[in-house]
Amino acid sequence: MNALHPAFEISPVPVPGPDAVAPEPFRGIYGMPMFVTVPTADLAASSDLWINGLGFIELFAAPGHVIHVRRWAFQDVLLVPGERQAQAPAMTVGFSCVLYELETIAAACERVSPGCTTGPRVMPWNSVELEVRTPENIRVIMTAARPYDPDSPEAEHLRSIGIQAPDQ
């Protein structure tokens, strides 16, 4: 494995733990290092799920052209007019959250779009993930890191593939 260079200070994601607190939605303007563009046949229904279900905010909108939604810093999505795909794309998009948010996000998404969630489920890479299917048939994964337990099966799995424990 290549040498890793810690850069946690530029990430809005808090250190996993029982006291981890999710940052507020980020309302500042920056050059977006990455964003997702989601074509949608129904901007209103789409923005409803992204905002009232997934917890994004509307950063700005150009009616009929784009709705820019954001959650934490660097979690940007552009909703644009387009057609709904009959099949889900093979790709998913993932967004970090903290553990206590998963149940709330699942419940909110189910209120907006019943039947759109799967999980949450514990993953072997030491996270818990909730899958949400959007009106556009996009698979959104909300993923929350679990506190690191060096004696857990997940820690052993990570060691077995060459990933060393974070400094404790």
Would you calculate, for the chain, the mean residue ellipticity at 222 nm contributed by helices, counting each DSSP H stretch of 4 or more residues as -39,500 (n - 2.57) and dividing by all residues, to the nearest 500?
-4500 deg cm²/dmol
When only DSSP loop residues count, what GluC sites (Glu not before Pro) in the stretch 65-168 have their Cβ near at most 16 other Cβ atoms within 10 Å?
E83
For the chain, what relative contact order do you get, as a whole percent, if you take Cα pairs closer than 8 Å and at least 6 residues apart?
21
Given backbone amide H placed at 1.01 Å from N, residues whose amide H is under 5 Å from that of I57, ignoring those fewer than 5 places away on the same chain, are R70, R71
0 to 90° range, to nearest 10: angle between helix 101-112 axis and the chain longest Cα axis
20
Quick one: which residues, 5 or more positions from G94 or on another chain, have an amide H under 5 Å from its amide H? H modelled 1.01 Å from N in the peptide plane, none for Pro or chain starts.
I141
Mind putting a number on the dipole of the stretch 19-164 about its Cα centre? Charges go on the C-beta only, +1 for Lys and Arg and -1 for Asp and Glu, and I need it in Debye to the nearest 20.
280
Along the three principal axes, how long is the stretch 1-84 when you take its alpha carbons, biggest first, rounded to the nearest angstrom?
44, 31, 24
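If you count the DSSP beta bridges with both ends in the chain, what percent of them are antiparallel, to the nearest 5? Could the numbers behind the result be given before it?
Details: 21 of 32 bridges.
Given both bridge residues lie in the chain, the antiparallel proportion sits at roughly 65 percent.
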Bins of 10 Å from zero: percent of alpha-carbon pairs in the stretch 43-143:
15, 50, 30, 5, 0
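State the percentage of accessible surface on the chain attributable to carbon and sulfur atoms; use a 1.4 Å probe and exclude ligands, DNA and RNA.
59
So what is the accessible area of the chain per residue, in Å², with the probe set to 1.4 Å?
Normalised by residue count, the accessible surface of the chain is 58 Å².
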May I ask which residue of L130, T104, V15 lies farthest towards the positive end of the charge dipole of the stretch 1-143, with charges of +1 (Lys, Arg) and -1 (Asp, Glu) on Cβ and the Cα centre as origin?
L130
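The values are calculated or read from the model by the stated rules, or taken from the named source; none is laboratory data. Worth saying up front: this structure is predicted, and the values here are computed from it rather than measured. For neighbour counting, all protein chains shown are included, and Cβ atoms are generated from backbone atoms with ideal geometry for every residue, glycine included. Note: accessible area is taken over every heavy atom of the protein model, side chains too, but ligands, DNA and RNA are not part of it. Shrake-Rupley method; radii C 1.70, N 1.55, O 1.52, S 1.80 Å.
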